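Student: Mind having a look at this structure? Questions to follow.
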Amino acid sequence: MIRRTTLSGHTFEFPSLSDLLAKATPARSGDVLAGCAAASAAQRVAAQTVLADLPLATFLEEQVVGYEEDDVTRLILDTHDRAAFAPVASLTVGELRDRLLAWAAAGDEASISGLAKGLTPEMVAAVSKLMRNADLVAVGRRARVVTGLRSTLGLPGRLASRLQPNHPTDDPLGVTASIVDGLLQGSGDAVIGINPATDSPGQTIALLELVDAVIRRYDIPTQSCVLAHVTTTLRALEKGAPVDLVFQSVAGTQEANRGFGVTLELLAEARAGALELGRGTVGRNVTYFETGQGSALSADAHRGVDGRPVDQQTLECRAYAVARHFEPLLVNTVVGFIGPEYLYDGKQVARAGLEDHFCGKLLGLPMGVDVCYTNHAEVDGDDTDSLMLLLGAAGCSFLIAVPGSDDVMLHYQSLSFSDVLTARQVLGLRPAPEFEEWLARMDLVDDDGRVRELTADAPAARALLAAARS
C-alpha cells in the first residue's frame, strides 16, 4: 500500500509500512548505512505526518517482517492481548502519543502500564518517532515495571545498578577487587554481572562460584550473572552451577537471533532450568537480556517483507518482544557499544537511549541502559553524563557501571560507580530496598542514605576488603 502526503507543494510517497517507519525515524547513521533513512528533513516530517494518522490496528494487519518466515513476528502476533489493546484500539499513532502524554501529565501510571501486553513493538516504535526527548522522559517515568529475584527492581524513587567487574583474563583477584570497589560505592543491587573473557563452561562455573561465594559470605541481597552464551549456561546448569540468571543477547528478527546462535526454544529451556533451582527470595524472574540498535544490521539480518530494509530502532523494539516473553528480571540496551556506524555522535546516542528506555518500558520490560560509547565515536563523557541524568529522570530501572568508567576487557567507555552515586544524589533516588537495608547493616551509608566515606579501621571496610585478599 502506497501512502502519500503533500507538503509545500511537494508530494512524498512511502511504498511500504517499513519504508514509512524508516523515513519517520530521527536521523541516525545506521539507517543511512542500511539505505532506508530519510533523504531530507522535509521527507522525515512528511513521513511523521503520515505516520501520525495511521490507525494502530494497521500493525496487526500489516507486518514489516513476514509472519511465515519469522518466528519473532509470529511471537508478537500470536501473543497479542486484544483485551489490553482495547483502550487504544480505535486510535491512530498520533492519538496514542497524545493519550500517553495526557496520562503522564495526570500521573496515571496504571493506564500506561496496563497497555503493555496490548501493544506491539511496531506500535511503540511508531509512537516514539513522533515524540521529542522530553516526551520520552515523561511517559517512560510513568510506565511502571517491577521485577525481583533477591532484590526488587523498578520501584518508584529507586535507581539500581549493575556492578560489572570485567577483567581481561578473568583473574579471580582482579574480579573480586572490582566487586569490592563497586559494593563500597553502593553498586550492585541489580546484578553483579561479568562478561567473561573466555566463553567456556569451566570458566563460567568458576566465575559463578566466585561471585556466589561473595554474595553468600556477606548475605548480599542481589544476584549474580556470567554473561556467557545461553548454551554455555545450559551446560553450567547441568553441572550444578549456582546460576541465578540466564543471560543472552537477542535481536529483532529470527535471522539475527540465528546469528547469535539462539532460538526461542533454547531460551525457554534455559529459563526452565534456572527456575528449577529456586534461588529467588523476593521473586522468580530468572532471565537477563541485552539488546542494541544496529545488531540486526550488523548481522545483515535487517530485511523484512519483499527484502526491504527495516530501520534499526523498529528492529530494536522487536527484540523487546523476545525478552518480554521470558519474564526477565533485567533487560538493557547497550546504547553506544556497536559504534558510530550505527549511532554516530552524542546526539544520536542520547536519542537512542531515551527511545529504547521508553519503548521497553511501554512494552512492560524492566528496562536499563548501558550508557556507553566506543573510542572512535563522536561521543564523550559530557554526552554520557547528560544521558545518565535524563534516564534517571525517566525512571530507568538500572544503569551499568564499571571501575573508573573504562571497561578494560570490552574496550569501551561506560559509567563509573561514582556516576551512579551522582545520579542518585542529584535526582533524589535510592538503591533497591533490600540492598539499601544491607548497606545500612554494613555501615556503608550514613543516616541520609549517602554512601559513607570509609576509614581504614571501619569494620565494614575491613570485612569487604578481606574478601579481595582471600
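The values are calculated or read from the model by the stated rules, or taken from the named source; none is laboratory data. Note that the structure is predicted; figures quoted are calculated from it, not measured. Quick reminder, even Gly has a Cβ in these numbers, built from the backbone with ideal geometry, and neighbours come from all protein chains shown. To get the accessible areas, we keep the full protein, side chains included, count just its heavy atoms, and leave off ligands, DNA and RNA. Shrake-Rupley method; radii C 1.70, N 1.55, O 1.52, S 1.80 Å.
Student: Give me a count of the residues in region 78-95 that are of a type outside the set (Ser, Thr, Tyr) and surrounded by 15 or more Cβ atoms within 10 Å (Cβ to Cβ).
Tutor: Taking region 78-95 as the starting set, the residues that turn out to be of a type outside the set (Ser, Thr, Tyr) are 78, 80-89, 91, 93-95.
Next, only the ones that are surrounded by 15 or more Cβ atoms within 10 Å (Cβ to Cβ) stay: 80, 84-85, 88, 91, 93-95.
The qualifying residues number 8.
Student: Restricted to region 122-136, and to residues that are in a helix (DSSP H, G or I) and open to solvent by 10 Å² or more (accessible area, probe 1.4 Å), which residue is farthest from Ala102 (Cα to Cα)?
Tutor: In the first step, residues of region 122-136 are kept if they are in a helix (DSSP H, G or I); the result is 122-128, 133-136.
With the extra rule that they be open to solvent by 10 Å² or more (accessible area, probe 1.4 Å), the set shrinks to 122, 133-135.
Numbers: Glu122: 21, Asn133: 16, Ala134: 14, Asp135: 11 Å.
Looking at residues that are in a helix (DSSP H, G or I) and open to solvent by 10 Å² or more (accessible area, probe 1.4 Å), I get Glu122.
Student: Exactly one of (1) surrounded by 22 or more Cβ atoms within 10 Å (Cβ to Cβ); (2) outside any helix (DSSP H, G or I) is unmet by Val139. Its number?
Tutor: Failing condition for Val139: (2).
Student: Scan region 422-448 for residues that are open to solvent by 50 Å² or more (accessible area, probe 1.4 Å) and within 23 Å of the chain's Cα centre (by Cα) and report the count.
Tutor: 6
Student: Then there's this: Can you name the residue in region 173-217 that is charged (D, E, K, R) and assigned to a helix (DSSP H, G or I) and is also farthest from Glu437 (Cα to Cα) among such residues? Let's see the steps before the verdict.
Tutor: At the first step, the residues of region 173-217 found to be charged (D, E, K, R) are 181, 189, 199, 209, 212, 216-217.
When the remaining residues are screened for being assigned to a helix (DSSP H, G or I), the result is 181, 209, 212, 216-217.
Numbers: Asp181: 19, Glu209: 25, Asp212: 20, Arg216: 16, Arg217: 16 Å.
The qualifying residue farthest from Glu437 (Cα to Cα) is Glu209.
Student: Across region 58-79, what is the total count of residues that are under 20 Å from Leu115 (Cα atoms), in contact with a Leu (Cβ under 9 Å, 6 or more places away or on another chain) and free of Cβ contacts under 8 Å to residues at least 60 places away in the same chain?
Tutor: Number satisfying all stated conditions: 2.
Student: Sticking with this structure for a sec: State yes or no: is Leu330 touching a residue at least 12 places away in the same chain (Cβ under 8 Å) and surrounded by fewer than 24 Cβ atoms within 10 Å (Cβ to Cβ)? Talk me through it step by step, then tell me what you get.
Tutor: Working: touching a residue at least 12 places away in the same chain (Cβ under 8 Å): yes; surrounded by fewer than 24 Cβ atoms within 10 Å (Cβ to Cβ): no.
Judged against the criteria, Leu330 is not a match.
Student: Which condition breaks for Asp406 when tested against (1) over 15 Å from Ala352 (Cβ atoms); (2) within 15 Å of the chain's Cα centre (by Cα); (3) not aromatic (Phe, Trp, Tyr)?
Tutor: Going through the list (1) over 15 Å from Ala352 (Cβ atoms); (2) within 15 Å of the chain's Cα centre (by Cα); (3) not aromatic (Phe, Trp, Tyr), Asp406 breaks only (2).
Student: Take the residues in region 259-296 that are touching a strand residue (DSSP E or B) at 6+ places or on another chain (Cβ under 8 Å) and assigned to a helix (DSSP H, G or I), then tell me which one is most open to solvent (accessible area, probe 1.4 Å).
Tutor: Arg271
Yes/no per residue for (1) over 27 Å from the mean Cα position of the chain (by Cα); (2) on the phi < 0 side of the Ramachandran plot; (3) of a type in the set (Val, Ile, Thr):
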{"position": "Gly9", "(1), (2), (3)": "yes, no, no"}
{"position": "Pro26", "(1), (2), (3)": "no, yes, no"}
{"position": "Gly30", "(1), (2), (3)": "no, yes, no"}
{"position": "Cys36", "(1), (2), (3)": "no, yes, no"}
{"position": "Ala41", "(1), (2), (3)": "yes, yes, no"}
{"position": "Leu51", "(1), (2), (3)": "no, yes, no"}
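Student: Looking at Ser161, is it crowded, with 19+ Cβ neighbours inside 10 Å, under 22 Å from the mean Cα position of the chain (by Cα) and under 13 Å from Val420 (Cα atoms)? Please lay out each step first, then the result.
Tutor: Working: crowded, with 19+ Cβ neighbours inside 10 Å: yes; under 22 Å from the mean Cα position of the chain (by Cα): yes; under 13 Å from Val420 (Cα atoms): yes.
Criteria met by Ser161.
Student: Report yes if some residue within region 405-414 is closer than 21 Å to Asp189 by Cβ and out of contact with any helix residue (DSSP H, G or I) (no Cβ under 9 Å at 6 or more places or on another chain); otherwise report no. Spell out the reasoning first.
Tutor: Initial filter on region 405-414 (closer than 21 Å to Asp189 by Cβ): 405, 407, 414.
When the remaining residues are screened for being out of contact with any helix residue (DSSP H, G or I) (no Cβ under 9 Å at 6 or more places or on another chain), the result is 407.
Yes, region 405-414 contains at least one residue that is closer than 21 Å to Asp189 by Cβ and out of contact with any helix residue (DSSP H, G or I) (no Cβ under 9 Å at 6 or more places or on another chain).
Student: State all residues of region 1-53 that are of a type in the set (Val, Ile, Thr) and over 16 Å from Ser128 (Cα atoms); if no residue qualifies, say none. Before the answer, list the steps.
Tutor: Filtering region 1-53 down to residues of a type in the set (Val, Ile, Thr) leaves 2, 5-6, 11, 25, 32, 45, 49-50.
Within region 1-53, Ile2, Thr5, Thr6, Thr11, Val32 qualify.
Student: Can you tell me which condition Asp98 does not meet? The list is (1) open to solvent by 20 Å² or more (accessible area, probe 1.4 Å); (2) under 24 Å from the mean Cα position of the chain (by Cα); (3) free of Cβ contacts under 8 Å to residues at least 60 places away in the same chain, and all the others hold.
Tutor: (2)
Student: Going by what's in this entry, would Ile112 be described as in contact (Cβ under 8 Å) with a residue 24 or more places away in the chain and touching a Phe, Trp or Tyr at 6+ places or on another chain (Cβ under 6 Å)?
Tutor: Details: in contact (Cβ under 8 Å) with a residue 24 or more places away in the chain: yes; touching a Phe, Trp or Tyr at 6+ places or on another chain (Cβ under 6 Å): yes.
So Ile112 passes the test.
Student: Going by the structure shown, is Ala393 out of contact with any Asp or Glu (no Cβ under 6 Å at 6 or more places or on another chain), crowded, with 20+ Cβ neighbours inside 10 Å and not polar (S, T, N, Q)?
Tutor: On the way: out of contact with any Asp or Glu (no Cβ under 6 Å at 6 or more places or on another chain): yes; crowded, with 20+ Cβ neighbours inside 10 Å: no; not polar (S, T, N, Q): yes.
For Ala393, the condition - out of contact with any Asp or Glu (no Cβ under 6 Å at 6 or more places or on another chain), crowded, with 20+ Cβ neighbours inside 10 Å and not polar (S, T, N, Q) - is not met.
Student: Of the residues Ile192, Ile220, which is under 26 Å from Ala423 (Cα atoms) and free of Cβ contacts under 8 Å to residues at least 40 places away in the same chain? Outline the logic, then answer.
Tutor: On the way: Ile220 fails: free of Cβ contacts under 8 Å to residues at least 40 places away in the same chain.
Going through Ile192, Ile220 in turn, just one is under 26 Å from Ala423 (Cα atoms) and free of Cβ contacts under 8 Å to residues at least 40 places away in the same chain: Ile192.
Student: So, one more: Just to be sure I understand, how many residues within region 31-65 are assigned to a helix (DSSP H, G or I) and either open to solvent by less than 30 Å² (accessible area, probe 1.4 Å) or touching a His at 6+ places or on another chain (Cβ under 8 Å) (or both)?
Tutor: If we filter region 31-65 for residues that are assigned to a helix (DSSP H, G or I), which is where we start, we get 31-34, 41-52, 58-61.
Next cut, either open to solvent by less than 30 Å² (accessible area, probe 1.4 Å) or touching a His at 6+ places or on another chain (Cβ under 8 Å) (or both) only: 31, 34, 42, 46-47, 50-52, 58-60.
Within region 31-65, residues that are assigned to a helix (DSSP H, G or I) and either open to solvent by less than 30 Å² (accessible area, probe 1.4 Å) or touching a His at 6+ places or on another chain (Cβ under 8 Å) (or both) number 11.
Student: Residue under question is Thr222, and the condition is that it be surrounded by 17 or more Cβ atoms within 10 Å (Cβ to Cβ) and farther than 25 Å from Tyr412 by Cα; does it hold?
Tutor: Values: surrounded by 17 or more Cβ atoms within 10 Å (Cβ to Cβ): yes; farther than 25 Å from Tyr412 by Cα: yes.
It is true that Thr222 is surrounded by 17 or more Cβ atoms within 10 Å (Cβ to Cβ) and farther than 25 Å from Tyr412 by Cα.
Student: Search region 151-178 for residues that are closer than 19 Å to Phe358 by Cα and pair each with any residue that is of a type in the set (Val, Ile, Thr) and part of a helix (DSSP H, G or I) when their beta-carbon atoms are under 7 Å apart and the residues are at least 6 apart or on different chains.
Tutor: From region 151-178, the pairs are Ser161/Val420.
Student: Considering only region 1-30, state which residues are surrounded by 12 or more Cβ atoms within 10 Å (Cβ to Cβ), at pLDDT 95 or above and either assigned to a strand (DSSP E or B) or aromatic (Phe, Trp, Tyr) (or both). Walk me through it before giving the result.
Tutor: From region 1-30, those surrounded by 12 or more Cβ atoms within 10 Å (Cβ to Cβ) are 3, 5, 7, 12-30; that's our starting set.
Cutting the leftovers down to at pLDDT 95 or above gives us 3, 5, 12-30.
Answer for region 1-30, where residues must be surrounded by 12 or more Cβ atoms within 10 Å (Cβ to Cβ), at pLDDT 95 or above and either assigned to a strand (DSSP E or B) or aromatic (Phe, Trp, Tyr) (or both): Arg3, Thr5, Phe12, Glu13, Phe14.
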